[in-house]
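Just below is one structure, and these are the notes that go with it.
The values are calculated or read from the model by the stated rules, or taken from the named source; none is laboratory data. None of the values given here were measured: they were computed from a predicted structure. Every residue, glycine among them, receives a Cβ derived from its backbone with ideal geometry; neighbour counts consider all protein chains shown.
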Amino acid sequence: MNTMNAMNTMNSYEATREIMFQRIRALRKREHITQTDMAQRLQISRRTYANYERGIHAMPVEVLVVIADTFGTSLDYLTGHSPAEFRDVRRVV
């Protein structure tokens with residue numbers, strides 16, 4: 001990977017992280033859920049959750065799944081890969 005591709009990949013990664021943190025924070029605040037409440041749902045400390053939400057530490061996939069389920073949304077929405085906030089719950093057969 002050349003230097004330009006590496007920089008574009010890093011910028012894309014950082015942009016995705018920022019979108020994810022903004023969306024998680026917005027969903028939590030809209031539902032009037034505190035960081036302490038989210039931490040309890042995730043069975044982690046409030047400090048750990050706050051560090052996840054601020055991007056200080058990477059969120060494990062397991063945490064992202066619980067957050068998506070809590071708000072009835074998808075990982076694609078949380079990470080900025082879909083503009084649709086709510087999951088399409090129709091069954092695909």
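Summary of computed values
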item: For residue 33: the one exception among (1) part of a helix (DSSP H, G or I); (2) at pLDDT 95 or above; (3) surrounded by fewer than 16 Cβ atoms within 10 Å (Cβ to Cβ); result: (1)
item: Selection within the stretch 51-65 - surrounded by 16 or more Cβ atoms within 10 Å (Cβ to Cβ) and aliphatic (A, V, I, L, M); result: 59, 63, 64
item: Residues that are over 17 Å from residue 17 (Cα atoms) and part of a loop (DSSP other than H, G, I, E, B), drawn from the stretch 40-65; result: 43, 44, 45
item: Selection from the stretch 68-93 of residues that are charged (D, E, K, R), modelled with pLDDT of 70 or more and either surrounded by 16 or more Cβ atoms within 10 Å (Cβ to Cβ) or part of a loop (DSSP other than H, G, I, E, B) (or both); result: 85
